[in-house]
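One structure is given here, and the rest of the page talks about it.
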Amino acid sequence: MPEQPLTHAIAFDPEDEYRPEPEPEPTPPAWMDGSLRIGIHTSIAGNYLNALESARKLGCSALQIFSASPRMWASGSGSGSGSGRIAEVDAAAFRARREELGLGPLVIHANYLINLAAPQPMLRTRSIQGFHDELVRGLALGADFVVVHPGARGESRPEQAVAMAIESIKQAAKRLPASGMRILVENTAGMGTAIGSRLEEVGAIVNALSGFRVGACLDTAHLFAAGYDIKSQRGLESTLEVIDSTVGLEHVPVFHVNDSKIALGGRVDRHEHIGKGKIGEQAFRRILTHPRLGAALPEGLPGRAFLAETPIDDPGDDRRNVAMLWELAGLKERAPEAVKGFSMLTAAGKKKAAEIQKKGKKGKK
């Protein structure tokens, strides 16, 4: 049978080529609703979920935690606060409960032993690995930000230390899966050879890591101790100008809001209850109500959070400091209801701490 000729010649049309739909733009998290977020550092002792429940009972809308012991190098795996990894069942429970409570942002503060600017190769290597582990735990818990101190320079020059910190953060963030979690570099009070007390140094790190979406977390007590006069209205405006020209206010989604036991320029990191220190109540009122430091557009940054790291000397100090922040921000009526009488420090806990401290002093004699 003779071959039948083709009746329809089908030409390739580029319009027929399959084109996958573009990935939808990620929706902003619920906490970026234009409201100011206020919270405190809460304890993960016993269980990660305890930190969320403490934040709820203290009347917070945001919180900060450690992902492991802040003064020990984490190792091993499991669900405890001293482990290197978090069991997925615990991480999933934490993420689910946080969503139920509507708390955000969630900020993780990195281990105090991490020194990203260390001139000693072994300490720097351990610090990079330690910070990488912090980022992995942050991803597991669904953190929005991980805050880290840039480190201490030892005998190296400040510019060398800044370059070292930049490279260390790059190394620590390598091979992490894509996510919305961001690294925030915290300013320091300037104790010893710590870098980051000058906003120019923080800005240099943030700007060099713009491709990694790195920002800054600024601590009010550290700013004041480093010589930035945020106590007076003129001093606050001047400091905001410096922040703008170095870091950029749009790159500061989180403030650690602490009063200072140390006078202006004292270069020592000692936190005090809100309104009870050298910065004072009126200064915090100006800070918390300043339109450029708010969470509402066009001047503010949606989701901006103010988190206290204030001492808990007596039961209830934590609850009172959170309440003070809401009041000074002019948002007392909108604050989540705190559980009356709740504190992360109980009377029994205070007594036990005093006994341990007393034994420690006897042991040193």
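Does D133 satisfy the criteria of being at pLDDT 95 or above and within 18 Å of the chain's Cα centre (by Cα)? Taking the combined requirement at face value, the residue satisfies it. When R213 is tested against the conditions (1) at pLDDT 95 or above; (2) within 26 Å of P302 (Cβ to Cβ); (3) of a type in the set (K, R), the lone failure is (1). Please work out if A263 is surrounded by 23 or more Cβ atoms within 10 Å (Cβ to Cβ) and of a type in the set (G, A, S). So A263 fails the test. Sort out which residues of the stretch 207-231 are touching a strand residue (DSSP E or B) at 6+ places or on another chain (Cβ under 7 Å) and within 28 Å of E272 (Cα to Cα), and write them in order of number. G215, A216, C217, L218, D219, T220, A221, F224, A225, listed by residue number. Cβ-Cβ distances below 6 Å connect the following pairs, each with a first residue in the stretch 231-243 that is farther than 10 Å from R292 by Cβ, a second residue that is acidic (D, E) and surrounded by 13 or more Cβ atoms within 10 Å (Cβ to Cβ), and a separation of six or more residues or different chains: G235/D229. Within the stretch 122-168, how many residues turn out to be in contact with a strand residue (DSSP E or B) (Cβ under 6 Å, 6 or more places away or on another chain) and among the small types (G, A, S)? Total satisfying the criteria: 4.
To keep it simple, each residue is scored yes or no on (1) of a type outside the set (A, V, I, L, M, F, W, C); (2) more than 17 Å from V247 (Cα to Cα).
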site	(1), (2)
E155	yes, yes
A163	no, no
A172	no, yes
G192	yes, yes
A225	no, yes
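Among the criteria (1) under 17 Å from the mean Cα position of the chain (by Cα); (2) under 22 Å from G142 (Cβ atoms), the one N187 does not fulfil is (2). From the list G275, G330, the one residue that fits, being closer than 26 Å to S238 by Cα, touching a Phe, Trp or Tyr at 6+ places or on another chain (Cβ under 9 Å), in a loop (DSSP other than H, G, I, E, B) and not β-branched (V, I, T), is G275.
Out of the residues in the stretch 271-324 that are under 21 Å from the mean Cα position of the chain (by Cα), basic (K, R) and buried (at least 16 other Cβ atoms within 10 Å of the Cβ), which is nearest to G104 (Cα to Cα)? Here the residue is R304.
The values are calculated or read from the model by the stated rules, or taken from the named source; none is laboratory data. Note that the structure is predicted; figures quoted are calculated from it, not measured. As a convention, Cβ positions derive from the backbone with ideal geometry for all residues, glycine included, and neighbour counts pool all protein chains shown.
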